1. Suppose we filter region A:10-52 for residues that are touching a Cys at 6+ places or on another chain (Cβ under 8 Å) and farther than 17 Å from B:LEU43 by Cβ; how many remain?
2. Would you be able to say whether some residue in region A:43-61 is open to solvent by 70 Å² or more (accessible area, probe 1.4 Å), among the basic types (Lys, Arg), over 13 Å from the mean Cα position of the chain (by Cα) and more than 14 Å from chain B (Cβ to nearest Cβ)?
3. Given the conditions (1) in contact with a helix residue (DSSP H, G or I) (Cβ under 8 Å, 6 or more places away or on another chain); (2) surrounded by fewer than 17 Cβ atoms within 10 Å (Cβ to Cβ), report the number of the one that A:ILE76 does not fulfil.
4. Please name all residue pairs, on different chains or six or more residues apart, with Cβ atoms under 6 Å, provided the first residue is in region A:29-40 and is at the interface with another protein chain (Cβ under 9 Å from one of its Cβ atoms) and the second residue is open to solvent by 30 Å² or more (accessible area, probe 1.4 Å) and part of a loop (DSSP other than H, G, I, E, B).
5. Across region B:10-46, what is the total count of residues that are touching an Asp or Glu at 6+ places or on another chain (Cβ under 8 Å) and within 11 Å of chain A (Cβ to nearest Cβ)?
6. I need the strands (runs of 3 or more DSSP E) fully contained in chain B, keeping only those with at least 3 residues that are over 21 Å from A:PHE88 (Cβ atoms) and open to solvent by 40 Å² or more (accessible area, probe 1.4 Å).
7. Looking only at region A:65-107, how many residues end up being within 11 Å of chain B (Cβ to nearest Cβ) and either at positive phi or in contact with a Gly (Cβ under 8 Å, 6 or more places away or on another chain) (or both)?
8. Take the residues of region A:1-23 that are open to solvent by 20 Å² or more (accessible area, probe 1.4 Å), of a type in the set (Gly, Ala, Ser) and over 21 Å from B:ASP38 (Cα atoms): which is nearest to the other protein chains (Cβ to nearest Cβ)?
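The values are calculated or read from the model by the stated rules, or taken from the named source; none is laboratory data. Predicted model only: the values in this text are computed from it and were never measured. Glycine also receives a Cβ, built like all others from the backbone with ideal geometry; neighbour counts cover every protein chain displayed. Surface accessibility is based on the protein's heavy atoms, side chains included, excluding ligands, DNA and RNA. Shrake-Rupley method; radii C 1.70, N 1.55, O 1.52, S 1.80 Å.
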Amino acid sequence: SQQGEEDPQALSIQEGENATMNCSYKTSINNLQWYRQNSGRGLVHLILIRSNEREKHSGRLRVTLDTSKKSSSLLITASRAADTASYFCATGSNSGYSTLTFGKGTMLLVSP
Amino acid sequence: NAGVTQTPKFQVLKTGQSMTLQCAQDMNHEYMSWYRQDPGMGLRLIHYSVGAGITDQGEVPNGYNVSRSTTEDFPLRLLSAAPSQTSVYFCASSYTRQNTEAFFGQGTRLTVV
(Lines give C-alpha, C1' and ligand atoms only; values in the text may rest on other atoms or scores of the structure.)
Protein backbone atom coordinates (compact mmCIF):
# COMPACT_ATOMS: atom_id res chain seq x y z
CA SER A 1 0.00 0.00 0.00
CA GLN A 2 1.13 3.58 -0.58
CA GLN A 3 2.93 5.09 2.36
CA GLY A 4 3.24 8.65 1.10
CA GLU A 5 0.54 10.82 -0.42
CA GLU A 6 1.57 13.96 -2.26
CA ASP A 7 -0.54 17.06 -2.44
CA PRO A 8 -1.46 18.62 -4.79
CA GLN A 9 -1.66 16.01 -7.55
CA ALA A 10 -0.87 18.70 -10.11
CA LEU A 11 0.56 22.21 -9.86
CA SER A 12 0.89 24.82 -12.60
CA ILE A 13 2.98 27.97 -12.04
CA GLN A 14 4.92 30.62 -13.93
CA GLU A 15 8.69 30.78 -14.17
CA GLY A 16 10.17 32.61 -11.22
CA GLU A 17 7.43 31.58 -8.81
CA ASN A 18 7.94 29.18 -5.91
CA ALA A 19 6.45 25.68 -5.96
CA THR A 20 5.45 23.88 -2.79
CA MET A 21 4.53 20.21 -2.66
CA ASN A 22 3.44 18.30 0.40
CA CYS A 23 3.74 14.68 1.42
CA SER A 24 1.94 12.84 4.20
CA TYR A 25 2.77 9.36 5.38
CA LYS A 26 1.27 6.81 7.74
CA THR A 27 3.88 4.89 9.73
CA SER A 28 7.12 5.76 11.48
CA ILE A 29 10.06 6.29 9.17
CA ASN A 30 13.82 6.33 9.18
CA ASN A 31 14.12 8.94 6.44
CA LEU A 32 12.12 10.68 3.75
CA GLN A 33 13.41 11.32 0.25
CA TRP A 34 12.24 13.35 -2.72
CA TYR A 35 12.73 12.26 -6.31
CA ARG A 36 12.11 13.94 -9.66
CA GLN A 37 10.94 12.17 -12.80
CA ASN A 38 11.06 13.84 -16.17
CA SER A 39 8.57 12.54 -18.71
CA GLY A 40 9.53 9.09 -19.93
CA ARG A 41 12.64 8.89 -17.78
CA GLY A 42 13.78 7.23 -14.58
CA LEU A 43 13.64 8.82 -11.15
CA VAL A 44 16.44 11.05 -9.95
CA HIS A 45 17.20 11.57 -6.29
CA LEU A 46 16.88 15.18 -5.08
CA ILE A 47 17.28 15.22 -1.32
CA LEU A 48 17.11 13.01 1.77
CA ILE A 49 16.04 14.14 5.22
CA ARG A 50 16.51 11.93 8.25
CA SER A 51 13.81 11.43 10.84
CA ASN A 52 15.77 13.46 13.41
CA GLU A 53 16.14 16.44 11.07
CA ARG A 54 13.55 19.19 10.62
CA GLU A 55 14.81 21.09 7.60
CA LYS A 56 17.33 20.63 4.83
CA HIS A 57 18.47 22.75 1.90
CA SER A 58 20.06 21.88 -1.42
CA GLY A 59 20.44 24.68 -3.95
CA ARG A 60 16.92 25.94 -4.74
CA LEU A 61 15.33 23.08 -2.81
CA ARG A 62 14.12 23.28 0.78
CA VAL A 63 12.64 20.26 2.51
CA THR A 64 10.94 20.21 5.88
CA LEU A 65 9.90 17.22 7.96
CA ASP A 66 7.39 17.15 10.80
CA THR A 67 7.37 13.66 12.29
CA SER A 68 4.65 14.56 14.78
CA LYS A 69 2.30 15.33 11.88
CA LYS A 70 3.85 12.67 9.62
CA SER A 71 4.30 15.19 6.85
CA SER A 72 6.97 16.76 4.69
CA SER A 73 7.10 19.61 2.22
CA LEU A 74 9.33 20.32 -0.76
CA LEU A 75 9.81 23.94 -1.78
CA ILE A 76 11.40 24.81 -5.11
CA THR A 77 12.30 28.50 -5.23
CA ALA A 78 12.50 30.62 -8.38
CA SER A 79 11.13 27.84 -10.58
CA ARG A 80 12.37 27.35 -14.12
CA ALA A 81 10.75 25.67 -17.11
CA ALA A 82 13.33 22.89 -16.69
CA ASP A 83 11.76 22.07 -13.29
CA THR A 84 8.70 20.73 -15.12
CA ALA A 85 8.49 17.11 -13.96
CA SER A 86 6.73 14.78 -11.54
CA TYR A 87 7.95 14.84 -7.96
CA PHE A 88 7.67 11.87 -5.62
CA CYS A 89 8.24 11.51 -1.92
CA ALA A 90 9.54 8.17 -0.69
CA THR A 91 9.82 6.97 2.87
CA GLY A 92 12.52 4.70 4.22
CA SER A 93 11.30 2.25 6.82
CA ASN A 94 12.82 1.29 10.15
CA SER A 95 13.18 -2.32 8.98
CA GLY A 96 16.94 -2.12 8.68
CA TYR A 97 17.04 -2.18 4.90
CA SER A 98 16.87 0.67 2.44
CA THR A 99 13.42 -0.24 1.14
CA LEU A 100 11.56 2.81 -0.13
CA THR A 101 7.81 3.28 -0.35
CA PHE A 102 6.67 5.88 -2.86
CA GLY A 103 3.71 8.19 -3.05
CA LYS A 104 1.71 8.86 -6.20
CA GLY A 105 3.52 12.06 -7.08
CA THR A 106 2.86 15.70 -7.87
CA MET A 107 3.02 16.79 -11.50
CA LEU A 108 4.60 20.25 -11.72
CA LEU A 109 4.27 22.40 -14.84
CA VAL A 110 6.37 25.56 -15.00
CA SER A 111 5.38 27.84 -17.86
CA PRO A 112 7.83 30.36 -19.36
CA ASN B 1 29.49 5.93 -15.51
CA ALA B 2 26.78 3.47 -16.55
CA GLY B 3 24.89 3.39 -13.22
CA VAL B 4 21.77 1.22 -13.56
CA THR B 5 21.12 -0.22 -17.00
CA GLN B 6 17.80 -1.75 -18.01
CA THR B 7 17.05 -3.64 -21.19
CA PRO B 8 14.97 -3.62 -23.26
CA LYS B 9 13.51 -0.09 -23.26
CA PHE B 10 10.30 -1.18 -24.95
CA GLN B 11 8.62 -4.57 -25.30
CA VAL B 12 5.30 -5.88 -26.60
CA LEU B 13 4.21 -9.33 -25.48
CA LYS B 14 1.24 -11.49 -26.25
CA THR B 15 -0.81 -12.82 -23.34
CA GLY B 16 0.77 -15.98 -22.00
CA GLN B 17 4.27 -15.28 -23.26
CA SER B 18 7.20 -15.15 -20.86
CA MET B 19 10.14 -12.80 -20.86
CA THR B 20 12.96 -11.48 -18.72
CA LEU B 21 13.64 -7.83 -18.02
CA GLN B 22 17.33 -7.26 -17.45
CA CYS B 23 18.87 -4.95 -14.86
CA ALA B 24 22.56 -4.41 -14.19
CA GLN B 25 24.41 -1.96 -11.96
CA ASP B 26 28.11 -1.16 -11.74
CA MET B 27 28.18 0.62 -8.37
CA ASN B 28 28.69 -2.48 -6.22
CA HIS B 29 25.36 -1.86 -4.49
CA GLU B 30 24.06 -4.66 -2.31
CA TYR B 31 20.41 -3.63 -2.53
CA MET B 32 18.45 -3.92 -5.78
CA SER B 33 14.74 -3.66 -6.40
CA TRP B 34 12.06 -3.72 -9.06
CA TYR B 35 9.11 -1.35 -9.18
CA ARG B 36 6.21 -0.99 -11.54
CA GLN B 37 4.69 2.39 -12.31
CA ASP B 38 1.09 2.68 -13.38
CA PRO B 39 -0.85 5.90 -14.06
CA GLY B 40 -2.18 7.37 -10.84
CA MET B 41 -0.55 4.64 -8.73
CA GLY B 42 2.98 5.87 -8.23
CA LEU B 43 5.69 3.23 -7.90
CA ARG B 44 4.93 -0.11 -6.28
CA LEU B 45 7.60 -2.53 -5.14
CA ILE B 46 7.57 -5.93 -6.83
CA HIS B 47 10.66 -7.75 -5.47
CA TYR B 48 13.91 -6.75 -3.85
CA SER B 49 17.28 -8.25 -3.00
CA VAL B 50 19.73 -7.35 -0.25
CA GLY B 51 22.61 -9.28 -1.77
CA ALA B 52 23.57 -12.15 -4.04
CA GLY B 53 21.42 -15.19 -3.33
CA ILE B 54 18.88 -13.26 -1.22
CA THR B 55 15.54 -12.06 -2.56
CA ASP B 56 12.20 -11.14 -1.04
CA GLN B 57 8.73 -10.08 -2.10
CA GLY B 58 7.47 -6.55 -2.20
CA GLU B 59 3.94 -5.20 -2.40
CA VAL B 60 2.91 -6.71 -5.77
CA PRO B 61 4.97 -9.89 -6.40
CA ASN B 62 2.37 -12.13 -8.07
CA GLY B 63 3.24 -13.13 -11.63
CA TYR B 64 6.91 -12.19 -11.28
CA ASN B 65 10.06 -14.10 -10.34
CA VAL B 66 13.51 -12.82 -9.51
CA SER B 67 16.94 -14.25 -8.77
CA ARG B 68 20.24 -12.68 -7.76
CA SER B 69 23.22 -14.79 -8.71
CA THR B 70 25.67 -11.86 -8.82
CA THR B 71 25.91 -8.47 -7.14
CA GLU B 72 25.60 -6.72 -10.49
CA ASP B 73 22.51 -8.36 -12.03
CA PHE B 74 18.90 -8.61 -10.92
CA PRO B 75 16.62 -9.91 -13.70
CA LEU B 76 12.83 -9.84 -13.45
CA ARG B 77 10.94 -12.70 -15.07
CA LEU B 78 7.34 -12.57 -16.20
CA LEU B 79 6.18 -16.16 -16.17
CA SER B 80 2.97 -15.87 -18.21
CA ALA B 81 2.27 -12.29 -19.25
CA ALA B 82 -1.18 -10.84 -18.62
CA PRO B 83 -2.66 -7.50 -19.79
CA SER B 84 -2.66 -6.38 -16.14
CA GLN B 85 1.14 -6.45 -16.29
CA THR B 86 1.18 -3.67 -18.88
CA SER B 87 3.23 -1.05 -17.09
CA VAL B 88 6.54 0.75 -16.90
CA TYR B 89 9.11 -1.20 -14.92
CA PHE B 90 11.99 0.41 -13.05
CA CYS B 91 15.00 -1.21 -11.51
CA ALA B 92 16.81 0.58 -8.69
CA SER B 93 19.92 -0.02 -6.63
CA SER B 94 21.42 1.40 -3.46
CA TYR B 95 23.60 0.50 -0.51
CA THR B 96 21.77 -1.68 1.96
CA ARG B 97 22.27 0.53 4.96
CA GLN B 98 19.57 3.06 5.68
CA ASN B 99 19.64 6.71 4.73
CA THR B 100 21.04 6.13 1.28
CA GLU B 101 19.67 7.30 -2.04
CA ALA B 102 18.42 4.96 -4.73
CA PHE B 103 19.65 5.04 -8.32
CA PHE B 104 17.11 4.20 -11.00
CA GLY B 105 17.36 2.79 -14.48
CA GLN B 106 15.58 4.46 -17.39
CA GLY B 107 12.72 1.99 -17.32
CA THR B 108 11.19 -0.68 -19.54
CA ARG B 109 7.81 0.09 -21.07
CA LEU B 110 5.95 -3.22 -21.38
CA THR B 111 2.69 -3.72 -23.23
CA VAL B 112 0.85 -7.03 -23.02
CA VAL B 113 -1.77 -7.55 -25.71
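1. Of the residues in that region, 0 qualify.
2. Taking every residue of region A:43-61 in turn, at least one turns out to be open to solvent by 70 Å² or more (accessible area, probe 1.4 Å), among the basic types (Lys, Arg), over 13 Å from the mean Cα position of the chain (by Cα) and more than 14 Å from chain B (Cβ to nearest Cβ).
3. Status for A:ILE76: all satisfied but (2).
4. What qualifies is A:ASN30/A:SER51; A:ASN30/A:ASN94; A:ASN30/B:GLN98; A:ASN31/B:ASN99.
5. The qualifying residues number 2.
6. Here the list reads B:10-13, B:54-57.
7. 13
8. A:SER12
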